[in-house]
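Student: Have a look at this one.
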Amino acid sequence: MTAHPHLSHASASACAKIILCGEHAVVYGRPAIALPLPHLRTYAQMRARHGRFEIRATDINHVVYMPERAPTQQERPHPLALIAYLTCRRLRVRPPQALLTIRSDIPVSSNLGSGAAVSVAVARCLAAYFQQALSPDAASELAFVVERQHHGTPSGIDNTVVAHEQAVRFVKGEPPRLLREVAASDLPIVIGDSGESTPTRVPVGAVRAAWQVEPARLEALFDAISQQVGAAHAALSARDLPALGAAMNANHALLCRLDVSSVMLDRLCDSARAAGALGAKMSGGGRGGNMLALARDAAHAIEVGDALRAAGARRVFIAPESSPPGRDGG
Ligand code: MEV
């Protein structure tokens, strides 16, 4: 059999994300808005060499090999092995004799979309290696299969915003609406890491359990969250930062009633507001991970970041400058 044409080296990357408004309710069919963080990324690099296709995640010291046949659900294949398998199948290529290395600046289990970013970076890198096009929709679909296998009942918002690298208004099962006029770098957003890392499936599972016991109460909360998403969208379109901040505050209060915040996330939100932030909320799955604060402008974002550090944030990212210096994208 002839080998598929390929390059000797390839590289690619994918960005982190934040949920601006609407997490959890989006799993139950309500809309949500997510933004990419283009300066906080996962990088994949690939080079041809003899031997089995090996994937190394250098940050977590993990090595996996791609399965030769379709893995079953029960086998729960490693996410890296699964995305590599799915991508090769989509590209109609046999597993390459190559080494693929992943390095990420996105903290793991912190609600910044690290899982989706790893999947999208690997899929893009394989496509680049085989000199094939991979559309954002195709990359998103592949990553969604991995999300489903490892996160229970994901809505699909993470893989969508990461693969398109565009702000998105997302409703499960509908084509995403890309908000091309909105960029996180236009918004003075400050991200505070609570230092608590919780896999998304934990709070998502807790909300599911509560919804099974009290469906009417939970549905009413989802509807109230949906209203705040509408308010946030209108505020974004009108570039009305105080109105956006108010929607974020109201969304956080509703997420507290869903019991997905944490003492530390609440403390960070309070400290941001005390420093004059227009709004603050937890972002993503919750029970740890990251929160967002909306500052008045770039100078004020630095003050809010200082307040978050003083309140105990492990790391602070200011959206337009969230990359450590000296790293280039693929
Ligand atoms: C995770 O970024 C957002 C959640 O709504 C889960 C999901 O939509 O899959 C918590």
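The values are calculated or read from the model by the stated rules, or taken from the named source; none is laboratory data. Remember, predicted model here, so these are calculated numbers, not experimental data. Heavy atoms of the whole protein, side chains included, go into the accessibility calculation; ligands, DNA and RNA do not. Shrake-Rupley method; radii C 1.70, N 1.55, O 1.52, S 1.80 Å.
Student: Counting pairs of Cα atoms in the chain, how many percent are more than 38 Å apart?
Tutor: 15
Student: Also, I was wondering about something else. Could you do me a favour and compute the accessible area per residue for segment 87-202, 1.4 Å probe, result in Å²?
Tutor: Solvent-accessible surface per residue comes out at 38 Å².
Student: Let me have the 222 nm mean residue ellipticity of the chain computed from DSSP H runs of 4+ only, each contributing -39500 (n - 2.57), with the sum over all residues rounded to the nearest 500.
Tutor: -13000 deg cm²/dmol
Student: Right, next: Against the globular-protein guess of 2.2 N^0.38 Å, express the Cα radius of gyration of segment 136-245 as a ratio, rounded to two decimals.
Tutor: Dividing the Cα Rg of segment 136-245 by 2.2 N^0.38 Å gives 1.20.
Student: Also: Taking a quarter of the surface of the convex hull around the Cα atoms of segment 51-152, what do you get in nm²?
Tutor: It is 6.4 nm².
Student: Where the Cα atoms of segment 194-330 are projected onto their three principal axes, how long is each span, largest first, in whole Å?
Tutor: Taking max minus min along each principal axis of the Cα atoms, segment 194-330 gives 48, 36, 34 Å.
Student: At 1.4 Å probe size, put PHE144, PHE317 in order of accessible surface, largest to smallest.
Tutor: PHE144, PHE317
Student: How large a share of the accessible area of the chain, in percent, is made up of carbon and sulfur atoms when the probe is 1.4 Å and the other protein chains stay in place?
Tutor: 52
Student: Provide Rg and Dmax in Å for segment 32-82, with only Cα atoms included in the calculation.
Tutor: 14.8, 45
Student: Which value does Rg/Rh take for segment 258-305 over its C-alpha atoms, Rh per Kirkwood?
Tutor: Here the Rg-to-Rh quotient is 0.99.
Student: Heavy atoms of the protein only, probe of 1.4 Å, neighbouring chains included. What is the accessible area of LEU142 in Å², nearest 10?
Tutor: The value for LEU142 is about 10 Å².
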